[in-house]
Amino acid sequence: MSQNLEPIQVFIDTQVFDSENYNFESRDLKRLRHLASEGLINIKLTSVTLKEIESHVDERATEAFAALAKFRKSVAILNPLPNEYQRVLKLGEDRVRALFRSKLSKLLRSLNVEVIPVTEVSPDLIMDAYFNKKPPFGDGKKKAEFPDAFAAQALEEWSRRAGQKVIVVSGDEDWKKRCAESENLEHVARLVEAFEKAPDLELAWKAKEQVSLVEDEIREEIWEKFTGMRFYLSENVIDGQVHNVEVQDVALGRVFPVEARERRAVVNVDCKVVFSADVIYNDPESWRPADDDSSIQYSDCVEKSIEAMTSITAEVRFKVQDGCMTKLVLDKVDLPLDISIGVKFDSVPPYYYDDENPWSYLAE
């Protein structure tokens, strides 16, 4: 079911990995892997953030190896040390760094991380923010914030292109200030806060089940709202109009959860609607060239009643009742704005012609 739910877009700052102490098996990172594997979270890094994370991994590996070597000297009286310590020391500092890098790469692959390049970010925008002390620079200008400034702008531009908001996870106050100035970036301080915004599979499943329990109510709403849609005749009809639409039957089909979070759930329901309508359109048999031969005129029109069936997708919204996630009530049913009605002709209407030779049909 999760493949139908719209995932949230999440950027993870270097500070998050620092706070996890690069323990790639931590509780939060395991939960992150699970949500990513379920397709509920799409994880973003920027190229500059990835380089920063890799640099910090190298630093932590070097610090850990140096601390272990120092520990061996300070507890020499306890020699020999346990085998685990001895094995790490025998590997050497370079090999330890390589192992840490390998663990990082494995984690990023398991998260299916998308790396957004910063090469397209305009340096002028960043320098403007720096000299005007805009976040993430602020007072003192904070030259160390240049990587975050490029990362934030790259995320901003990706968000605008994709039409999706990015949730920025960072305990850094400068990131918080930067996101506060953006319509496309939303800040949270911890991973667990981002998890709360991810689609809720249990709620989505409950909403899917709920459709069958309130099917009559949904059909009634569709029945009432259908006639308020905009109806038009298909493209092979010129100046056609549709009037007096009346629903004859509504049948519900497959249900696809598309959103389930923050005490509400949304599902798409495939529907078939049978309806009658009065249509009027130019009679294709009554055409004649206009006096100036620049267009076609019609001397008569066709008026008739039709019965048709159309397939639409209804968006059905549920809300949580009394704060209980297992109690959902129907909130709203939305339908598409437009419906196209096809009209069949006994012969091809004469206005199907070649734009470059508009009277070519006369030779047929």
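Quick note: the coordinates plus some simple rules give every number you see, no bench work behind them. As the structure is a computational prediction, the values presented were derived from the model and not from experiment. Here the Cβ positions follow ideal geometry from the backbone for every residue, glycine too, while neighbour counts run over all protein chains shown.
If you filter the range 177-235 for GluC sites (Glu not before Pro), then keep DSSP loop positions with at most 13 other Cβ within 10 Å, what is left? Write out the running numbers ahead of the final one.
Values: sites: GLU181, GLU183, GLU186, GLU193, GLU196, GLU202, GLU209, GLU215, GLU217, GLU220, GLU221, GLU224, GLU235; in loops: GLU181, GLU183, GLU196, GLU235.
Qualifying residues, ordered by number: GLU181, GLU183, GLU196, GLU235.
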Exercise. Where does each of ASP216, ASP28 land when they are ranked from fewest to most other beta-carbon atoms within 10 angstrom?
Worked result: ASP216, ASP28
Exercise. Taking the Cα centre of the range 177-266 as origin and charging only Cβ (+1 Lys, Arg; -1 Asp, Glu), how large is the dipole, in debye to the nearest 20?
Worked result: 500
Problem set entry | Residue order, fewest to most surrounding Cβ atoms within 10 angstrom, among THR14, THR62 | THR62, THR14
For this session: Any lysines with Cα under 20 Å of the LYS304 Cα? List them, leaving off those in the same chain fewer than 8 positions away.
Result: LYS344
For this session: Compute the Cα gyration tensor for the range 177-316, then decide on rounded, prolate or oblate, letting a ≥ b ≥ c be the square roots of its eigenvalues: rounded whenever a/c is under 1.5, prolate when a/b is larger than b/c in the other cases, and oblate in all that remain.
Result: oblate
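Given Cβ point charges of +1 (Lys, Arg) and -1 (Asp, Glu) and nothing else, what value in debye, to the nearest 20, does the dipole of the range 2-195 about its Cα centre take?
Details: 30 positive and 31 negative charges, 186 e Å.
Dipole of the range 2-195, to the nearest 20 debye: 900 debye.
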Problem set entry | Straight-distance crosslink candidates among aspartates and glutamates, where the alpha carbon sits under 12 Å from LYS176 and sequence neighbours closer than 8 are dropped | ASP13, ASP148, GLU186
Exercise. Given a Förster radius of 30 Å and the C-beta distance between ASP270 and LYS319 as r, what FRET efficiency does 1/(1 + (r/R0)^6) yield to the nearest 0.05?
Worked result: 0.85
Exercise. Which of the trypsin sites (Lys or Arg not before Pro) found in the range 96-132 are in a DSSP loop and have at most 12 neighbouring Cβ atoms, other than their own, within 10 Å?
Worked result: none
Exercise. Which of the aspartates and glutamates could a cross-linker span from LYS327 if the Cα-Cα distance has to be under 13 Å and same-chain partners fewer than 8 positions apart are dropped?
Worked result: GLU202, GLU209
Problem set entry | Entries of LYS51/LYS165; LYS208/LYS332; LYS30/LYS197; LYS142/LYS165; LYS143/LYS177 with Cα pairs more than 22 Å apart | LYS51/LYS165; LYS142/LYS165
Exercise. So how long is each side of the range 2-195 along the principal axes, counting just the alpha-carbon atoms, biggest first, in Å?
Worked result: 60, 46, 26
Problem set entry | J(HN,Hα) series, the range 180-191, from Karplus relation 6.51 cos²θ - 1.76 cosθ + 1.60, nearest Hz, glycine and proline x | 5, 8, 10, 8, 9, 10, 10, 9, 9, 8, 9, 4
